[in-house]
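Below: one structure, written as structure tokens.
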Amino acid sequence: MKYIPYGKQWIDEEDIKAVIEILKADYITTGPKVAEFEQKFASYVGAKYAVAISNGTAALHAACHAAGIREGDEVITSPITFAASANAVIYCKGTPVFADINTETYNIDVEDIKRKITNKTKAIIPVHFTGQPCDMDELLKLADEYNLKIIEDASHALGATYKDSMIGCISDMTTFSFHPVKHITTGEGGMITTNNKELYEKLSLFRTHGITRNINTSDLGDWYYEQVDLGYNYRITDIQCALGISQLSKIESFVERRRAIAKKYDEELSKIDEIIVPYQDKNTKSSYHLYVIKLKLDRLKVGRKHIFDELKKSGIGVNVHYIPVYYHPYYKELGYVKGLCEKAEELYDRMITIPLYPQMSDSDVEQVINALKKTIDRYSKL
Ligand SMILES: *Cc1c(COP(=O)(O)O)cnc(C)c1O
């Protein structure tokens, strides 16, 4: 039986050619492909500026730094995300504060954000979970009212739209990841987009040790440069960016295929009374990084782990996105406790991610649907 992973990159001959070309070129890092990738990416999402960076976590770190997160500052984010969304706050010595989720979209709940705002709150990191954008109008209103920065974690949402806007041009900063399971890949890689020149300059500095050559060196010597802030080496190579450019040229077909598979899942899986399929907010168009089903446990004779294990046994690469961030021992140690976000915890006990990636064939999709139907049927109380 074929094993179908939950996500997978799609690298073709064109991508391979693009990478080989750079391996033979003069610059394999800090060369022209980085700027070209940034410019093409910014243009695709409709942002003024883009900064390519070594990975999506570094993108979040850079964005938190540029937003001015420092010791004592609080930043509100969702617990249903990859730990990096909150870790980035801690890298800047800030404190992540978790707001609960909306039970329909599974995205951060704006009403709960309001309850968690204090005079220490500096920013919000909304995560466009599975590729479905958060309620950006409400978030922007809140940011305006309380003078907060917004950093969208759009690791799941390349190609998604909110109302008529592409994700990536709406708030102060938006971060992306090019890990192989994401919409496009550079192996490891990330991007931050912004429309704000000052933030753009801070992000660029942070990526490169805080070092600038943007000074008049005529009296000082050609070698001269200055470190004006504490930055990191978060550079991305030209090899990666060449792959990124080639991948980006296919983004529309990638997203289209993801949407087609999700539509097929919606049609077939919504017939199963024991599960809930993803809700689609009418203001948004998801780019479907993930397809997450929620089990109605009261209608099943077994728990989530049992269903999960059965699916895995039948060759379906299921996964769970995500363990609430504050469940992790590191966060427990910091004082976060269970019960903090009840809706997120309720979802966590019931959710399963099923395979979704552009190169899945129609028969792969059928295999997933059939395995799910069979497994649920076997353990149904109905
Ligand atoms: C993938 C991901 C990240 C981190 O990206 P990396 O490129 O793996 O560092 C951050 N947040 C979310 C929600 C992600 O899915």
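Cβ-Cβ below 6 Å, separation at least six or inter-chain, first residue in region 335-350 and closer than 11 Å to Thr103 by Cβ, second charged (D, E, K, R) and assigned to a loop (DSSP other than H, G, I, E, B): which pairs?
Lys343/Asp100; Ala344/Asp100
Given the structure, is Tyr106 at pLDDT 95 or above, within 14 Å of the ligand (Cβ to nearest atom), of a type in the set (Phe, Trp, Tyr) and crowded, with 20+ Cβ neighbours inside 10 Å?
Spelling it out, Tyr106 is indeed at pLDDT 95 or above, within 14 Å of the ligand (Cβ to nearest atom), of a type in the set (Phe, Trp, Tyr) and crowded, with 20+ Cβ neighbours inside 10 Å.
Are there any pairs, at least 6 apart or on different chains, whose C-beta atoms fall under 7 Å, with the first in region 156-185 and in contact (Cβ under 8 Å) with a residue 60 or more places away in the chain and the second basic (Lys, Arg) and away from the ligand (no atom under 16 Å from the Cβ), and if so, which?
Partner pairs satisfying both residue conditions: Ala160/Lys285; Thr161/Lys285; Asp172/Lys149.
For (1) under 20 Å from Ser85 (Cα atoms); (2) within 16 Å of the ligand (Cβ to nearest atom), each residue gets a yes or a no:
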residue	(1), (2)
Asp172	yes, no
Gly190	yes, yes
Asn196	no, no
Ile215	no, no
Asp219	no, no
Gln240	no, yes
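So which residues in region 104-157 are assigned to a helix (DSSP H, G or I) and aliphatic (A, V, I, L, M)?
Scanning region 104-157 gives Val110, Ile113, Met136, Leu139, Leu140, Leu142, Ala143.
Inspect all residues belonging to region 66-86 and state whether any of them is under 20 Å from Gly231 (Cα atoms), of a type outside the set (A, V, I, L, M, F, W, C), within 12 Å of the ligand (Cβ to nearest atom) and under 19 Å from the mean Cα position of the chain (by Cα).
Yes, region 66-86 contains a residue that is under 20 Å from Gly231 (Cα atoms), of a type outside the set (A, V, I, L, M, F, W, C), within 12 Å of the ligand (Cβ to nearest atom) and under 19 Å from the mean Cα position of the chain (by Cα).
Of the conditions (1) assigned to a helix (DSSP H, G or I); (2) under 19 Å from the mean Cα position of the chain (by Cα), Ser287 clears all except one; give me its number.
Going through the list (1) assigned to a helix (DSSP H, G or I); (2) under 19 Å from the mean Cα position of the chain (by Cα), Ser287 breaks only (1).
Report yes if some residue within region 114-126 is within 16 Å of Gly56 (Cα to Cα) and either within 16 Å of the ligand (Cβ to nearest atom) or in contact with a Gly (Cβ under 7 Å, 6 or more places away or on another chain) (or both); otherwise report no.
Checked region 114-126: at least one residue is within 16 Å of Gly56 (Cα to Cα) and either within 16 Å of the ligand (Cβ to nearest atom) or in contact with a Gly (Cβ under 7 Å, 6 or more places away or on another chain) (or both).
What pairs come out if I take residues in region 300-327 that are within 16 Å of the ligand (Cβ to nearest atom) and pair them with residues that are of a type in the set (S, T, N, Q) and part of a loop (DSSP other than H, G, I, E, B) whose C-beta lies under 8 Å away, six or more apart or interchain?
Tyr322/Thr81; Val325/Thr81
Please give the number of the condition Tyr27 fails out of (1) crowded, with 19+ Cβ neighbours inside 10 Å; (2) aromatic (Phe, Trp, Tyr); (3) more than 20 Å from the chain's Cα centre (by Cα).
Of everything listed in (1) crowded, with 19+ Cβ neighbours inside 10 Å; (2) aromatic (Phe, Trp, Tyr); (3) more than 20 Å from the chain's Cα centre (by Cα), Tyr27 misses just condition (1).
Quickly run through region 142-170 and pick out the residues that are within 13 Å of the ligand (Cβ to nearest atom), of a type in the set (Ser, Thr, Tyr) and either over 16 Å from Ser78 (Cβ atoms) or in contact with a Leu (Cβ under 6 Å, 6 or more places away or on another chain) (or both).
If the condition is that a residue be within 13 Å of the ligand (Cβ to nearest atom), of a type in the set (Ser, Thr, Tyr) and either over 16 Å from Ser78 (Cβ atoms) or in contact with a Leu (Cβ under 6 Å, 6 or more places away or on another chain) (or both), then no residue fits.
The values are calculated or read from the model by the stated rules, or taken from the named source; none is laboratory data. As the structure is a computational prediction, the values presented were derived from the model and not from experiment. Positions of Cβ are backbone-derived with ideal geometry, glycine not excepted, and every protein chain shown enters the neighbour counts.
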